[in-house]
Each structure stands twice: as C-alpha cells, then as structure tokens.
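As structure tokens, the structure follows; a few thoughts come after it.
All of the numbers you see were taken from the coordinates with simple rules; none came from a lab. Quantities reported herein were computed from a predicted structural model and do not represent experimental measurements. Don't worry about glycine lacking a Cβ; one is built from the backbone with ideal geometry, like all the others, and counts go over all protein chains shown.
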Amino acid sequence: MSEPVAELTSGGGAALPLGVYSRPKGGGGWRDWVTTVDHKKIGILYGGAALFFFGIGGFEALLIRLQLATPNGTVVGADLYNQLYTMHGVTMVFLVIMPLAAAFANYLLPLQIGARDVAFPRLNAMSFWLFLAGGLFLNFSWLVGDAPDGGWFAYAPNTGVTFSPGHGMDFYAIGLQIAGIASLVSAMNLIVTVLNMRAPGMTLFKMPVFTWMILVVQFLLLFAIPVITVALFLLLFDRNFGANFFNPEMGADPLLWQHLFWIFGHPEVYVLILPSFGIVSEVIPTFSRKPLFGYEFMVFSGIAIGFMGWGVWAHHMFVSGIGPISIGAFTLSTMFIAVPTGVKILNWLATMWGGKIRLTASMLFATGVVSMFTIGGLSGVTHAVSPADTQQTDTYYIVAHFHYVIFGGALLGFFSGFYFWWPKVFGHRLGETLGKWNFWLMIVGFNMTFGPMHILGLNGMSRRIDTYSPGFGFEFWNLFATVGAFVIAFGVLCFAMNVILSARRARGLPPEPPDPWDARSLEWFTPNPTPVHNFDEIVEVSSLDEFWHRKWTTDENGRVVRRATAAEVCQTGDADDVHLPSPSYWPVVVAAGLPLVGFGLLYNLWICVPGTILVLIGVYAWVFEPPDDPDGPFGGGHGDEGHGDEGHGETEESASDESAPQEEAASVE
Amino acid sequence: MSEAIVTEAGEPARGDHDHGDHGTLTGISNNKLLMWVFLGSECLLFGGLISAYLINRSRFHTGPAPGDIFDIPFTSVSSFVLLMSSLTMVLALSALQRGDIRNNRIWLLTTALLGSLFIGGQVYEFTSFLREGLGYTTSPFSSAFFTLTGFHGIHVSVGIVMLMSLAISSYRGTLTQKNSETVEIVGLYWHFVDVVWIFIFTVIYLVPSPTS
Amino acid sequence: MSTDTAAVTHTEHEHPSDAKYVQIAILLAALTAAEVSTYFVDIGPILIPALLVMMVVKFFYVAAWFMHLKFDSILFRRFFVAGLILATVVYCIALTAFEFWSKG
Ligand code: HEM
Ligand SMILES: [Cu+2]
C-alpha cells in the first residue's frame, strides 16, 4: 500500500492543501489496474478473481469427491473434511458465483443502458477491492490451518466457541462481513446507475432483460445483506466478546441464527440465479434470431421472484421445530414461488420455438441452463412439500437440488455469457470447437456427479459425513459421481485452454469486427473490444432491442429485411474528446484496511490500529481528492467544479460526490 | 409528477443546471439517491437488531430484568435531546439554503453538541447498568440490549463526525450555499438515526418490559 | 404518506419555513411528553396501542418534514417505504415464529 502513497506527494504541480493529492496519472501496467475506476476494467478484475477462487473451490470439491469415492475413505480426516466442504460452499457461493455476476454486471450494465460508467466509479473500485480482501481473508484461514468448519450456513450453536474453538468461524464471520460490505456498496451504486444514467429514450421497459435481472438482484442484495450483517455481528460478538445470542446454556434460542441466515439466504439464492437468467435471456433470442418471447412476463416474473423470495425462508427449517403453522405457511409460499420461475422457462422455450437456432457454444450453454435448471427447480418443489422434505432434508438429495440450480442454472449461464461477450471484452472470440468440448464435458460430468445424488439421498446417505461404511448400497453411485467430478474438471480445463489458445491465435490479428453474433442490445454499438470511453456518442434509444432494429426492419409482407449492416450502425470508437473520471488510489487503500482490522480482532487488538488508520487515511484522502484530472488522457474542457464534499466520512454511507459521466455525455453531443 | 419522470424517463431532465444534478435521467442527484437507497437498507439492519433484542428481552434469568433496570425518566431526557437535534439539523440546512453561513455553522455545531449529549447520556446509562450488575455477557437480554443501543450509538457518533467535518469546512470557507446538498444528505442520515431512536425509545423502553 | 400538498417540482427548493419546522418540533416534544407521561399515569389496556400510535406519528413527522419526503421526489419515498415495509413484514413473521406475541 505504501507504494502509491510515496508517489503521491510529487503529483499535481499546483499547490494543494495538506493531505490533498492529485489523482494518479496512469503509468501503465499493473498500476492502471490498481487505481482504475473504469467499470470495464473492474468487471474484468471481478471475473479474473472469481475464476481464481473457482480454481480453489474446484480443487476442494475434487478432494471431497476423492474422499467419498470409496467407503471408509482415508484421503482426508474428518476435521479436514469439515473444513473442505465448508470452504467449498462458501467459496463457490460468495467468491465465485456472486463475483461472476458482479463481473458481468459491471462490464455490461453501463453499456446496456448506454452510459459511460457507473454513477460512483470510485465506490465501484472499492467494492471490488473489498470483495477481494474478504475472499483472501477467508482463504488465509487455510494458511494458518484453521479454516471454517461449520458448514456454509454455519448453524449455531455448533459455531460457538464451545464446539468450534479455533479461529475458523471467525474467519468466516469477518471474511463474509467484508465481502458483504462490497456487495452492499455495489448494489447501491448499480441501483443509482440504472435509475439515473440511462441513455435518452431508454425507459425502464426498454432495458434489456439482463439489466433488469441485475437490477432486481441489486435490490435483493440491498435488503438482504444487512440481515446477514446482523447475523455475522452477533456470531462474532458471541465468539469474541462473550455475548449470549446463540448460547442455550444462558437461555438463548439458537434458532435466531437460522432465521437470520435464511432471511438472507433465500433471497441470496435468487441473487445467484437471476444474473444467469438475464444472460440466457440475451443469448437465446440472439441465437434463435427472434425477439425474446414475452419480454414483459420475463421482467415481471423476475420482479415477482424478487418479492416472493422474501417470504419462503423457513423452508430451510422444516425440521428445526418451527411449529405446524409456520411449516404450513412456508410450504405454501414455497410452492407459489415456483410459478414465476416456471414462466421464465416456458418463455425461453417459446423463444427458441420456430427460431433459426444456431448452436454456438454460447447457445449450448444457454440450453444447458434451461434444461438443468428445470430439473433443479422440480426437485426444489419436491422439498417444498414439507412432509416429503422431512425425508429429504440433510441428505444428498438436497445436495443434488442445489447443484442443479447453482451449477446447472447459474454457473452454466456464466459460461454461456463468457462465450457470448468474450469478443466484446477482449476483441476476439473463444474457439468454438474447444467450446463445444467444454460444454459437453461439463454437462455430462455434471449429470454424472449430481444426478446419482438424488438416488443416494433418497436411499438415506446424509450430507456432510466424511465417510460411510460399505454395505448400504452407496458404493457404486459415489464412485460414479467421483468420476463425473473429474469429467467436469476436464471440461473446465478445456475452457482454460480455450482462453489461452484463442488469445494466442488472435495475437497480431485485427480485433473481431463489430457485432459477431447479430446481437440486439446497446453494448454492440461499440467496437470490439470496447474503447475506454464506451460510446463515441450516446445512443438515442427508441425501442427495446435498439441495436437490432437499427439493422433490421420488416417489409410490407412482414418479412425481416436488412436496413443496414452492423458496420454502418456501429460506432468507430475513435472519439477523443470524452471526459472520463480519473483513476484513484484510495479505493484500494480503504479496502486494504479492513482485513487488518479483522486480523486484529482475531490475534491482537493492536493490529486493528494500523488497519483503522489505513481506512481513515483512505477515506480522508478520498474525500479531499480533486474531482478530476484535467490533464488526463481525455481531459476535455470540463472545468474543476466546486468540490464541497468535505465532511463526508467514515463509512460507506457517506460516499462523496463522483463525477457523473452522463454529464459529460451531454457535452459531447 | 416526478413519478412520471421516473417511470417514463422519456424526458431526461437535462438543462436543469441550477440543481447540481444536471444530466441524471430522473433529475435527482446521484448522491442524494445513494443516501436514500442506503437508508432503505439500514431499515433491515436495525430491524434485525431490534428483533434480536425483542426475542431476548425476557431471557434474563442470569441477571437483572429490563423492567427493573431501565431508568425511564433519564432516557426520556436523552431521547428528547436527540429529537431536538433533528430540529437544529433542519435549521442548519435551511440556513445554508438561504446562504446564511453563520447560522448554518451555529446550528451544525448545536446539532453535534446535542448528539454528543445523547452519547454522553448513553455512556452514563451503560456505566450505571454495569454497576447494577448488567454486563455485556450477563444474559441474552443484556447482550442484545447493549448490541442494539451500541449500534445506534455508533451511528450517532459517525453522524457527529460528519457534522464536525461540515463545520470545519464551513470555517475554511468551503461550505457554501452551492453545496447545501451535502448538508442535506448528512441531515438525512442524522434524521434517520433519530427516527430509529424514536422507535427504540417506544418499543424498547416505554412498552413495559418483563420484570423479575 | 400523503401527497396532497401541491407537488413542488424538483427543480426548486420550496422548503417549509423555519417557523414551520419549529412548530413541528413543538408537536414532537408534546408527543414525547405524552409518551413519557404513560410511565407515570396508568392508562390501562390502551397503553401499548397509544404508545405505538404516537411513535408512528412522530416517525411520520420527522420523515415527512425534516427529511423532506413530503416534498421531494417520490422515488426517495419509495425506497424508504420499501425498506420499512419489508423490514416490518419480514421481522414480524420471524417474531411470530418465535411466538413472541404470545410469550413475549
Ligand atoms: C423452483 C424454485 C425452488 C424451490 C421450490 C426450492 C426449494 C428448496 C427447499 C425447500 C430447500 C430446503 C431443502 C432442505 O434443506 O430440506 C432448498 C434448498 C436449497 N436451495 Fe432451493 N429451491 C428453489 C430454487 C433454488 C435456486 C434457484 C437456488 C440457487 C440458485 C436454490 C438453492 C438452494 C440451496 C443452496 C439449498 C440448500 C441450502 C443448504 O441446506 O445448504 N434453490 N430449496
Ligand atoms: Cu430457499
């Protein structure tokens, strides 16, 4: 952290008051990435970090499967096994799927609404660094040999000091707390962005479905994160300051944890799935060459899911002793929520129906989502039936359910998105052949791994046991599942190879010409890869699928005829008079302080001191930082406007003013 | 009518230059919207803490009961102090909107002072509870009580820091009519913290609590 | 929340006068006094409803006037009310599951 600080004092010729530093001037290489406030770079950072954690989580999964491949497995001991499955779940949910969604949201959402950046670019950068800090903090627990071991939902009182005496659950509580702040800040940021920064003419109901789903997700996060924040604080206080929230010995009711966790937790599962639904809703129309069937239904069912998702949480607690009335009510509400979900599936099918389908890798993954999520949704309905769930809960049947929805639904959707938007982001496509290997290995391996878990679960194999004895009929399907897990691993390897090989192939070649897929939404107005300033000129929007309508029209016989080529419609990306927000050192400084505070809580309160100081310095310098860099690469005429934001301080709620790129958009016109 | 702007969004409120939010589609300032979005989220945070308190308020068998230990007259006074700080806060804003820097500064400082008085009262309350045998670890009730009111106290303290920073920048001449929105946003936060206390004061203190 | 007052457009700051703010503060103070008096005077079974009503009125006045929700963009009101309603409903259900209303 000290590196940029050292450099600061020299910056900015004009005499600035004490503690006010000019903004970084780039400098190239990694410094550009550390100080960037560009939503596209931040999106790429999110994606890269998520894939890194995906490697870790996947490795943990393979160890779990190796241990379970045979009865009386001895690959890992019970203690390590507990840590493995806990960290696998936590990593995949919080450090892979959520940041992948953030990657796509950051990169695409401003483009899809025709904006030059998000509303608060520096806050956006801070969100990423906080997420990374939280993720690294969590995984640091491996290095001290004391990873969380209470399961991703961390039921009390098992997570109290009595039963979890190590630091594992503290890493869990603090790490997730930091990552949670990141999600909350980014949710607030994106909500303001969507509401305030759409291009002229883009009404809410002309927004692409992906943008809509991301918006719904941000609302879910906005209201769900504070609930887990409370839960994690209570856990932390119980463990470290002797509070009694979950301590039955003192008369407390540990069910409080379950309620708080699942009030957060069920909205959270929609946070995981809706971005993928959004991606699929972009991919399927493009590759079926038809508009999305029932756009309004798609949007409204997404909103409906967003609302109903709040009223079903206790279906995770059917056997926790919540009483017959609660069980009845939550059974009903859970069954209802399957309706809007079903609407979406039918709409995708209807979109494909009669379309000119092109089975690209991206489209294959999208159809994978539709089919696999349907299976997961159906098994979900089977445990919405509470009497049936009494049999299923805590068995591998549940493991099968949530992997069908999260792997089959969410993760495959992100892969579909990778293949679809790779040319937009990196200027070249991913290879189709390896892409198809990627898809088929993953989908076959996935079904081999998780399909049999339905059977294992109904036959009574419980989840979270580190091994099982021979003779219960578990042997065959467990071995089969382990083989499947390695097939998945090969699929992922294909993806990694594809990334490397296609980058190598593209080297020296001109970037992908605009609009590789005959796509529909605003991001394709920009050349590939997207230039730093996004749009040369802000697009005036007059319809849903604006980009498509500029290329195609219907003649008097109702046939679709071309009105312009993509090259004519797309912008060239060579505008040089666009003013962009300048980079900043401070988001990463603020984010670096929090894990130090965390270590302080765990080991020695004195470590909190430098952490707090770092945060305070970061916030102070952030607030006093000059708003713009007039000499920056895009330093067009935008004068230094009065900067009266002193006094905003301390916490994320008081984010200071950021330049509104839309404002500059006006000056370009 | 602003509703139409939001949902139709056909007419971006461009050229709205005197408001400082020219260029946003809704005509609403990004910063103010951010604060309101944040306050919406805070409702769930305090809701969680209040619920955690409510289900634990009768779990006190290892220590004093809430109904026996609360000092209603004292808390009433400090609640009143916080309530009045909302008035001074809004007067500070209204002064700055008129361009009255001097009164703005006075009211900002008064608000910070009233907030500090409230915090002082809380410190006194906590220490006297401690003396009467109600520590943080005494019972589920005590943990929940100190956590809830402590979180609120931290929010007030953050507000005081923001108010003081505003006052300092006023002395340095950088807080003028032009950036009254900054004061307004800090004010929103401050009033929010006040309404949370309105809730806490009634539900936690005034509604009769279990006695031993 | 009421929208009756002639909607003030978002371009101008037609906020209430200071006198109005003081009036509201006096009302708030009076309500607080009434609330506190229930501690000294027994008003029987209407105690809790009365307290809650007074609380809601105070809450409303601070939010509507001091936080300008009455005059400002309806979007702000929506966010805040959404958070409030969601929190109330969700946590009341949770409290019900704990049998809080019957056992306290
Ligand atoms: C059709 C809609 C869905 C229904 C009706 C449904 C229903 C359920 C029910 C009743 C449970 C509790 C089972 C038990 O523990 O006994 C459950 C568990 C779970 N569901 Fe779903 N679900 C649905 C969709 C989803 C989606 C979309 C996701 C995530 C993207 C998801 C993720 C999970 C997870 C992670 C668990 C297990 C949590 C745990 O115990 O660790 N579900 N689901
Ligand atoms: Cu659920």
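Of note:
- Model label points for A:Lys436 and A:Leu80, set 7 angstrom from Cα along the Cα-to-Cβ axis, are 4.1 nm apart.
- 3J(HN,Hα) couplings calculated from phi for the range B:32-46 with the Karplus curve 6.51 cos²θ - 1.76 cosθ + 1.60 (θ = phi - 60°) are, in sequence order, 5, 4, 4, 5, 5, 4, 4, 5, x, 5, 4, 4, 6, 5, 5 Hz; Gly and Pro show x.
- Only Lys, Arg, Asp and Glu carry charge here, each on its Cβ (+1 for the first two, -1 for the last two); on that basis the range B:30-206 has a dipole of about 400 debye about its Cα centre.
- The mean number of Cβ atoms from other chains found within 10 Å of a Cβ in peptide A:258-270 is 2, as a whole number.
- With the charge dipole of the range B:30-206 set up from +1 on Lys and Arg Cβ and -1 on Asp and Glu Cβ about the Cα centre, the Cα lying farthest toward the positive end among the listed residues B:Leu83, B:His155, B:Gln97 is that of B:Gln97.
- Estimated dipole of the range C:18-100 in Debye, rounded to 20 [Cβ of Lys and Arg +1, of Asp and Glu -1, Cα centre]: 340
- Mean Cα-pair separation over length for the range A:141-280, i.e. relative contact order, pairs under 8 Å, 6 or more apart, %: 29
- Part-to-part distance (alpha-carbon centres) for the range A:248-321 and the range A:87-158, which is given in Å: 18
- Partner chain coverage, peptide C:64-74 - average Cβ within 10 angstrom: 6
- Counting every C-alpha pair in the range A:158-275, the share spaced more than 19 angstrom apart comes to 55%.
- Options C:Leu31, C:Val90, C:Phe76, ranked by Cα towards positive dipole end of chain C, top entry (Cβ charges): C:Val90
- Backbone HN-Hα couplings from phi across the range A:100-105 [Karplus 6.51/-1.76/1.60, Hz, Gly and Pro as x]: 5, 4, 5, 4, 5, 5
- Based on DSSP H segments of at least four residues, each scored -39500 (n - 2.57), chain A has a per-residue ellipticity at 222 nm of -20500 deg cm²/dmol.
- Mean shadow area of the range A:392-460 over all directions, Cα convex hull, nm²: 4.8
- HN-Hα J in Hz across the range A:611-621 - Karplus 6.51, -1.76, 1.60, θ = phi - 60°, x for Gly and Pro: x, 4, 4, 4, 4, 5, 4, x, 5, 4, 5
- Tail weight of P(r) past 13 Å, computed on alpha-carbon pairs of the range B:140-200, percent: 67
- For the range A:257-387, a Kirkwood hydrodynamic radius built from all Cα pairs, placed in the Stokes-Einstein relation at 20 °C and 1.002 mPa s, yields a translational diffusion coefficient of 136 µm²/s.
- Ranked by the mean number of other Cβ atoms within 10 Å of their residues, highest first, the peptides A:171-183, C:38-50, A:469-481, C:83-95 fall in the order A:171-183, C:83-95, A:469-481, C:38-50.
- Coordinate range along principal axes, alpha carbons of the range C:18-100, Å, largest first: 40, 33, 12
- Chain A: relative contact order as a whole-number percent, Cα under 8 Å and 6+ apart: 18
- Within the protein assembly as shown: Cβ-based charge dipole about Cα centre, in debye rounded to nearest 20 (Lys, Arg +1; Asp, Glu -1): 2060
- Percent of C-alpha pairs per 5 Å bin in the range A:312-448, short distances first: 2, 10, 16, 18, 16, 13, 9, 7, 5, 3, 1, 0.
- Backbone amide hydrogens, once placed in the peptide plane, bring A:Thr395 within less than 5 Å of A:Arg463, excluding anything fewer than 5 places away on its chain.
- Two-decimal Rg/Rh across the range B:30-206, once Rg and the Kirkwood Rh are taken from alpha-carbon atoms: 1.04
- Binned Cα-Cα distances of the protein assembly as shown, short to long, each 10 Å bin given as a whole percent: 2, 11, 20, 25, 21, 13, 6, 1, 0
- Selection among A:Val369, A:Ala481, A:Leu430 by position relative to the dipole of the protein assembly as shown gives A:Ala481 as farthest towards the positive end (Cβ unit charges, Cα centre).
- When chain B is treated as a Gaussian network with alpha carbon springs shorter than 10 Å, the biggest mean-square fluctuation among B:Pro64, B:Pro73, B:Pro140 belongs to B:Pro73.
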